[in-house]
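Asker: Here it is: the structure, laid out below.
The values are calculated or read from the model by the stated rules, or taken from the named source; none is laboratory data. Just so it is clear, the structure is predicted and the values come from calculations on it, not from any experiment. Please note: Cβ atoms are built from the backbone with ideal geometry, for glycine as well, and neighbour counts cover all protein chains shown. Quick note on the areas: whole protein, heavy atoms, side chains included, nothing else; ligands and nucleic acids left out. Shrake-Rupley method; radii C 1.70, N 1.55, O 1.52, S 1.80 Å.
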Amino acid sequence: MDELLKLLRKNALESPANMAKMLKLPEKEIKAKILAYEKKGIIRGYQAIVNEDQLDLNRVRAVIEVKITPEREGGFNRIAARLSKFREVESLFLMSGGYDLLVFINGVNLKEVASFVSEKLATVNGVVSTSTHFMLKTYKDQGVLMEMEKEDERLKVSP
Amino acid sequence: MKGSKSPRNFIASHLENVPKSGIRDFFDIVSTRKDIISLSIGEPDFVTPWHIREASIFALDHGATAYTANLGLLELRQLLSKYVHKSFGINYDPVSEILVTVGVSEAMDLAIRAITEPGDEIIYHEPCFVSYAPVIIFAHGKPVPVITAREEEFRLTPDLLEKRITGHTKALVLNFPTNPTGAVLDRNDIEGIADLVIKHDLLVITDEIYSELTYDGERLSIGALPGMKERTIFLNGFSKTWAMTGFRVGFSCAPPHLTDAMMKIHQYIMMCAPILSQKAAIEALRNGHSDIIEMRSEYKKRRNFICSSLNEMGLPCHVPKGAFYAFPYIGDYGMTAKEFSLRLLDEENVACVPGTAFGNSGEGFLRCSYAADMDDIKEAMNRMERFVKRLQKK
Ligand SMILES: Cc1ncc(COP(=O)(O)O)c(C=O)c1O
């Protein structure tokens with residue numbers, strides 16, 4: 001992966017001036033490259049990684065394994081695209097193995113998730129079965145540990 | 001009992017003449033401060049990659065708590081043999097030419113002690129790692145520093161070296177990339193040095209602990225040149241490459257008679273390197289290649305950042321080609337390196353090691369380690385810029 005993308009994935013708030021120094025490129029070029037990535041849709045957005053467990057939101061997150069019947073033209077794509085449009089769906093992946101789609105849901109409460117599954121998801125034409133798992137605690141999300149790291153334990157000066 | 005007679009001085013005189021490490025001095029001052037940003041740390045800020053730590057835990061779970069063979073676990077030596085061949089192009093026999101040690105620190109001590117007789121001169125290049133001169137003195141040898149210069153990016157050139165070779169010279173210690181300057185030699189330098197070593201029938205002890213952290217240029221070990229394996233002790237370790245300083249494990253590669261001599265000391269004073277650390281080292285060599293690539297690319301960005309920041313604020317700094325230290329020149333402000341670093345600490349709470357900790361020739365320089373969190377580096381650069389601006393106003 002391009003070093004610039006790596007830097008942005010680590011910290012999207014990094015200033016172009018700093019990235020220019022790190023990569024030994026002119027700042028103008030950094031800005032132009034970012035713009036190009038955005039235009040091409042390679043960079044799809046910028047978000048904060050939030051530890052929701054600390055917020056006492058009482059929201060419910062669930063992962064649903066979905067089996068579907070592939071269609072003659074388009075395979076899994078039509079159904080996947082259709083499911084993606086639901087506001088409740090946070091992420092959606094096509095999987096190999098025992099089921100076809102893995103759907104991440106974020107709901108206000110248990111009831112909302114339950115009704116989403118039974119009324120919206122399960123009733124989509126082509127969905128054969130669903131299996132819902134609720135998430136209890138987040139330890140690591142998008143490469144970031146949710147527990148704050150301990151302080152630097154190294155000596156303050158060493159050879 | 002008559003208790004009034006005071007005991008005589010029991011300390012050996014050759015030891016008393018070795019000054020306390022400048023690093024230790026500076027540590028004593030820094031440890032009294034709170035909320036400082038430290039760029040004074042000579043070890044990676046990464047923790048050891050989890051798969052390596054886990055291998056050590058697994059070994060402990062399974063009762064790996066005993067001594068190992070003096071030379072180290074055979075499996076580890078076999079992996080080391082492959083690794084050194086692949087990364088440095090030198091062939092060493094795992095049974096007779098590789099010794100696992102308690103860090104490069106022990107390996108350096110063994111190498112020096114194995115070859116040094118009273119009065120033998122051992123040449124090394126300076127500014128350099130703190131332990132070379134003391135270790136040579138402890139072995140009753142004579143340390144002979146060659147001073148390298150900023151103008152030549154602290155490279156050891158054959159010319160500089162030749163001037164210090166005498167009839168008593170026994171060996172040459174090399175450390176490239178260098179702590180504290182980040183210097184790297186090019187092929188010409190290395191070939192020229194090898195010619196001199198062969199011409200004067202010398203031995204080379206090459207401390208390659210930073211060689212995996214080479215960012216630009218060719219990486220060439222002197223031991224790989226024709227005719228040099230026979231006169232080279234190759235030292236390397238896991239401390240920097242895999243962020244394993246606390247594991248205390250390193251290794252030495254050398255022809256059988258040299259390995260035997262080092263082993264003689266090692267078996268009586270150390271027995272073996274800790275088994276759990278050897279187990280961790282096995283995992284690092286087996287599955288740790290991508291760790292190196294990741295760390296190297298991270299350090300390189302930090303290096304670029306810190307060097308251009310230092311240069312912009314008015315502290316001229318060559319771009320080091322390896323290790324994780326920037327070594328800016330601070331001699332334009334009418335202060336010694338020590339004064340400069342103490343004022344920087346007092347006024348801005350940033351700790352950088354005065355260059356003099358690495359030999360007198362480090363006067364006028366500061367060692368800024370970029371083995372630190374990127375946010376800390378940024379903040380440290382802001383503070384140093386403020387500090388330097390104030391100095392420039394006066
Ligand atoms: C040049 C050099 N050699 C050797 C060492 C010691 O390494 P080890 O941890 O393997 O004893 C260091 C550590 O700072 C070093 O910088």
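Asker: Based solely on C-alpha atoms, express the radius of gyration and the Dmax of segment B:55-158 in angstrom.
Answerer: 18.0, 55
Asker: Beyond 21 Å, what share of the Cα-Cα pairs of segment A:53-136 remains, rounded to the nearest whole percent?
Answerer: 25 percent
Asker: Once the other residues with Cβ under 10 Å from the Cβ of B:Ala326 are scored (Lys, Arg +1; Asp, Glu -1), what is the net sum?
Answerer: +3
Asker: Can you pull the Rg over Rh of the protein assembly as shown, Cα-only, Kirkwood?
Answerer: Ratio of gyration radius to Kirkwood radius: 1.06.
Asker: Turning to a different aspect of this structure: Just in segment A:1-97: which chymotrypsin sites (Phe, Trp or Tyr not before Pro) are loop by DSSP and have at most 11 other Cβ atoms within 10 Å?
Answerer: A:Tyr46
Asker: Still on this structure, I have one more. Once the whole set of protein chains is in place, how much accessible area is left on B:Trp242, using a 1.4 Å probe, in Å² to the nearest 10?
Answerer: 10 Å²
Asker: Which one, B:Asn236, B:Asn287, B:Asn311, has the greatest fluctuation when you compute a Gaussian network model over chain B with C-alpha springs under 10 angstrom?
Answerer: Ranking B:Asn236, B:Asn287, B:Asn311 by mean-square fluctuation puts B:Asn287 first.
Asker: Separate question: Along the charge dipole of the protein assembly as shown, pointing to its positive end and built from +1/-1 on Cβ of Lys, Arg, Asp and Glu, which listed residue (B:Ser252, B:Gly355, A:Asn18) has its Cα farthest out?
Answerer: A:Asn18
Asker: Within the accessible area of chain B, what % is carbon and sulfur when the probe is 1.4 Å and the other protein chains stay in place?
Answerer: 53 percent
Asker: Normalising by the residue count of segment B:150-260, find the relative contact order in percent from Cα pairs under 8 Å and 6+ residues apart.
Answerer: 22 percent
Asker: State, as an integer percentage, the relative contact order of segment A:53-136 based on alpha-carbon contacts under 8 Å between residues 6 or more apart.
Answerer: Reported relative contact order: 45 percent.
Asker: As an exercise, find the ratio Rg/Rh for chain A from alpha-carbon atoms, using the Kirkwood inverse-distance average for Rh.
Answerer: Taking Rh as the inverse mean 1/r over Cα pairs, Rg/Rh reads 1.08.
Asker: Still on this structure, please answer the following. What does the buried accessible surface come to for A and B, summed over both chains, with the probe at 1.4 Å? Round to 100 Å².
Answerer: Between A and B, the summed buried area is about 2000 Å².
Asker: So if each residue of separation counts as 0.36 nm, and I subtract the Cα-Cα distance between B:Ile198 and B:Asn287, what length gain in nm does that give?
Answerer: Extending this stretch completely gives an extra 28.3 nm.
Asker: Quick one: net charge around B:His140, please, counting Lys, Arg +1 and Asp, Glu -1 for every other residue with C-beta under 10 Å from its C-beta.
Answerer: 0
Asker: So if we plug the beta-carbon distance of B:Glu75 and B:Asp216 into 1/(1 + (r/R0)^6) with R0 = 25 Å, what FRET efficiency do we get, rounded to 0.05?
Answerer: Computed FRET efficiency for B:Glu75 and B:Asp216 comes out at 0.15.
Asker: By accessible area of protein heavy atoms, probe 1.4 Å, what ranking do A:Tyr99, B:Tyr67 get, highest first?
Answerer: I get B:Tyr67, A:Tyr99, largest accessible area first.
Asker: Run the simple label-point estimate for A:Tyr139 and B:Asp28 please: 7 Å along Cα→C-beta, distance reported in nm.
Answerer: 4.5 nm
Asker: Additional query: Charges only on Cβ, +1 for Lys and Arg, -1 for Asp and Glu: so what's the dipole of segment B:222-379 about the Cα centre, in debye to the nearest 20?
Answerer: 800 debye
Asker: While we're looking at this one, here's another question. Which whole-number value in Å³ per residue fits the convex hull of the alpha carbons of segment B:141-192?
Answerer: 88 Å³
Asker: Put a dot 7 Å past each Cα toward the Cβ at B:Lys264 and B:Val319; how far apart are the dots in nm?
Answerer: The modelled label-to-label distance comes out at 4.9 nm.
Asker: Once fully extended, how much extra length lies between A:Lys120 and A:Ser84, figured as 0.36 nm per residue of separation less the alpha-carbon to alpha-carbon distance?
Answerer: My answer for the length gained is 11.8 nm.
Asker: Sticking with this one: May I ask for the net charge around B:Ser40, where only other residues with Cβ less than 9 Å from the Cβ of B:Ser40 are counted and Lys, Arg are +1 while Asp, Glu are -1?
Answerer: My count for the surroundings of B:Ser40 gives +2.
Asker: Please state the charge dipole magnitude for chain B, taken about the Cα centre, from unit charges on C-beta atoms (+1 on K and R, -1 on D and E), reported in debye and rounded to the nearest 20.
Answerer: The dipole of chain B has a size of about 800 debye.
Asker: For segment A:17-53, state which residues have at least 40 Å² less accessible area in the presence of all protein chains than in their chain by itself, taking the probe as 1.4 Å and leaving out ligands, DNA and RNA.
Answerer: Buried-area filter returns A:Lys21, A:Met22, A:Lys24.
Asker: Sorted from largest down, give the three principal axis spans of the alpha carbons of segment B:114-221, whole angstrom values.
Answerer: Sorted from largest, the Cα extents of segment B:114-221 read 40, 28, 25 Å.
Asker: Could you give the C-alpha radius of gyration of chain B expressed as a fraction of 2.2 N^0.38 Å, taking N as the number of residues it contains?
Answerer: Its radius of gyration relative to the 2.2 N^0.38 Å reference: 1.01.
Asker: When chain B is treated as a GNM, springs tying every alpha-carbon pair under 10 Å, which of B:Met244, B:Met262, B:Met381 comes out with the largest mean-square fluctuation?
Answerer: So, out of B:Met244, B:Met262, B:Met381, the one fluctuating most is B:Met381.
Asker: Could I ask something else about it? Counting only DSSP beta bridges with both residues in the protein assembly as shown, what percent are antiparallel, rounded to the nearest 5?
Answerer: 65 percent
Asker: Could you give the accessible area per residue of chain A, probe 1.4 Å, as a whole number in Å²?
Answerer: Roughly 70 Å² per residue, with all protein chains present.
Asker: If a paramagnetic tag sat 7 Å from the Cα of B:Arg383 along the Cα-Cβ line, which residues of segment B:330-346 would have the backbone N under 14 Å from that point?
Answerer: Residues B:341-346 qualify, since their backbone N sits under 14 Å from the label point.
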